[in-house]
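This report concerns only the one structure given below.
Just so it is clear, none of the values below were taken in a lab; they were calculated from the coordinates. Note that the structure is predicted; figures quoted are calculated from it, not measured. Backbone-built Cβ (ideal geometry, glycine too); neighbour counts: all protein chains shown.
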Amino acid sequence: MFLTMYSCKKKKERNIPLKAEEEIFNFEIYESKEGKKLWILKAKKAFVFEEKTKVKKLKIHFLSNKDTSSVLTADSGLVDNKNGNLYAFGNVEVFTKEGAYLKTTFLMWNSERKRIITDKNIYIKDKGREIYGKGLEATPDLKEITIKQIKGKTNLNK
């Protein structure tokens, strides 16, 4: 189940409205399934349209058993109000509870698959390893990662 706050008025004049139906400061939204919160998104500002919500300066807490497993930050983003997919743009960083770090310029949360996905360049640092690549699909806690094009270095002394 996806929960959001937005106006129910519909605009039939255009497919893409030029003006937001609502403008909200200190915006907060979450997705839950079977009573469990999957993530909480907080943003300094949101522009709510019928099908999408644009957000500025966002922070997403991905949850596992009510605890934050990772935090994603980005300059801006988009929430698909119909399917719960999230899109993060500009200075996208993910910090996990275990200390892993991911940096990229774009990241998508696929609500159905419960994965973060990008086709952009990525950088991951975790336990003395540095991984560079292009294209990624991972769990938000970065415990399961698939990288399409990969380069890396590790310290074998650790």
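So here's what we get for this one:
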quantity: Taking Ile116, Ile29 and counting other C-beta atoms within 10 Å, the order from fewest to most; calculated: Ile29, Ile116
quantity: Surface/4 estimate of mean projected area, convex hull on alpha-carbon atoms of the stretch 22-154, nm²; calculated: 7.8
quantity: Least to most buried among Lys120, Lys66 (fewest other Cβ within 10 Å first); calculated: Lys66, Lys120
quantity: Ascending count of other beta-carbon atoms within 10 Å, so fewest first, for Phe89, Phe106; calculated: Phe89, Phe106
quantity: Contact order relative to length of the stretch 22-154, as percent, for alpha carbon pairs under 8 angstrom and 6 or more apart; calculated: 14
